[in-house]
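Read the figures in this text as sums done on the coordinates, not as results from a lab. All values reported here derive from a predicted model rather than from experimental measurement. Every residue, glycine among them, receives a Cβ derived from its backbone with ideal geometry; neighbour counts consider all protein chains shown.
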């Protein structure tokens, strides 16, 4: 048994489809502008190390956990 589905477009459906195609073409008709790789990277100047913050203290774990 073969089942066929046939859909006939009415003139109204064809006009709606054409309008939808125009809207789709306007929205997606071309690719967005290219973004250069150098525009995707943010650079910040490096800061000088803060000796009060970045010094290593061998017994810090004693102060934090045993004090």
#### Entry: Length released on extending from residue 66 to residue 27, taking residue separation times 0.36 nm less the Cα-Cα span
7.6 nm
#### Entry: Residues 38, 60 arranged by fewest to most Cβ contacts within 10 Å
38, 60
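With a 10 Å radius around each residue's Cβ, average the other Cβ atoms per peptide and rank 19-30, 39-50, highest first.
19-30, 39-50
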